Amino acid sequence: MTTARDLTFIATDVTAGHSVPQGNLSLALAGAEAIDLLSADALTLDDERIVPGHHPTMADPLLEQAASSLVREAPYETIDDWLWRRGRALSTTYLAHLETEGLLRRERRGVSFRKDRIVLAESPERSAAAQRLASGEPVLAALAAAIEIVGAGRGEREGGGEGEGGAYDQVTSNAPSVDDNGIDTVLAAVNGALMELEAMRQRRAIEQAAFDNIWRGN
């Protein structure tokens, strides 16, 4: 299991009222991959630039893909550039891999233009991700907090109603520091990218509202 896979399970496993925007999840997944590559000594950080190290063989194909995609020529790539480049539609890629492995399925909704409902299968991987989060492991907790998986109960799976608690209730926005080999630097970049993404959404909403007002003659 990798941090990115664990985060995908957690983000998919929350109740409907706590759904995570795919763009937010994609940025966080790219950050999770960078952290796993740091831990594997596949990269180091020079200030905010990603310096590739040796290229170990990764058991996880997506993490192997991430390692292979590192920019290996100076001046190298900043963490922020990595998040936006590697994170492009990354959540879709992870969900597709889990579906291929039989770890999730898509249920058709009654109205054709609505998105399919994603349902996770019961599996040791899903349970391990939930347990990692419930244990307060700081890296996963920090990434979950960054995409606002806070107080997201697992009522449907545990037999309760939405928002009735469960393993995910233990995540708080005050995730512990994980200052180890630059991990805090990566987490700070993830939070910065998420803030930038939200600002972009707000600008688009304002522009769209202004456009709509023009058409309405306001």
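The values are calculated or read from the model by the stated rules, or taken from the named source; none is laboratory data. In this text, all values refer to a predicted model and were calculated from it rather than measured experimentally. Glycine gets a Cβ as well: all are built from the backbone with ideal geometry, and neighbour counts include every protein chain shown. Surface accessibility is based on the protein's heavy atoms, side chains included, excluding ligands, DNA and RNA. Shrake-Rupley method; radii C 1.70, N 1.55, O 1.52, S 1.80 Å.
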Quick one: order ILE206, ILE118 from most to least accessible surface, probe 1.4 Å.
ILE206, ILE118
Mean Cβ neighbour count within 10 Å, used as a protection proxy, ranking 130-137, 95-102 highest first
130-137, 95-102
Cβ crowding within 10 Å averaged over residues, with 83-91, 121-129 ranked highest first
83-91, 121-129
For THR185, THR2, write out the residues from largest to smallest accessible area, computed with a 1.4 angstrom probe and no ligands counted.
THR185, THR2
List the residues whose amide H sits under 5 Å from the amide H of THR44, counting only those 5 or more places along or on another chain, with H placed 1.01 Å from N in the peptide plane.
VAL51, GLY53
Compactness of the range 1-144, expressed as Rg and Dmax over alpha-carbon positions, Å
15.9, 52
Note down the net charge around GLU48, summing +1 for each Lys or Arg and -1 for each Asp or Glu among other residues with Cβ under 10 Å from its Cβ.
-4
